[in-house]
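Taken together, the values in this text are just the output of simple stated rules run on the coordinates, not laboratory data. Every value quoted in this text rests on a predicted model; they were computed, and no experiment measured them. Cβ sites come from the backbone with ideal geometry, for glycine too, and all protein chains shown count toward neighbours.
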Amino acid sequence: MTKGNEMQDEICLIVAGLHDDGCARRAAMALTGVHGVLATRASHASGMVAVSYDPAELVPAMLVERLEKAGFTLADTAVDIE
């Protein structure tokens, strides 16, 4: 995917502990300050956080690290969205 001149990828992270909208917002906000993150969407109903990011600026492991620092536990799998 491209947006303007920048490259963009999207990944969905499966996150445990998204019990309500507040938890989902907190997970999304934990990622919004990460350099290279373009957008986030989180849903407690699906238990997933979708992140659009610039692959030249970060790798998905950085997202996992940030969520874990915020107190969330991630599943072993993630889904890349083409």
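Each of Lys69 and Asp54 was given a label point 7 Å from its Cα along the Cα-to-Cβ line. The distance between the two points is 1.9 nm. How are the alpha carbon pair distances in segment 17-67 distributed across 5 Å bins from zero to the largest one, expressed in percent? Going out from 0 Å in 5 Å bins, segment 17-67 shows 4, 23, 34, 21, 12, 4, 1 percent.
In this label model, Ala61 and Met7 are separated by 1.7 nm, measuring between points 7 Å along each Cα→Cβ vector.
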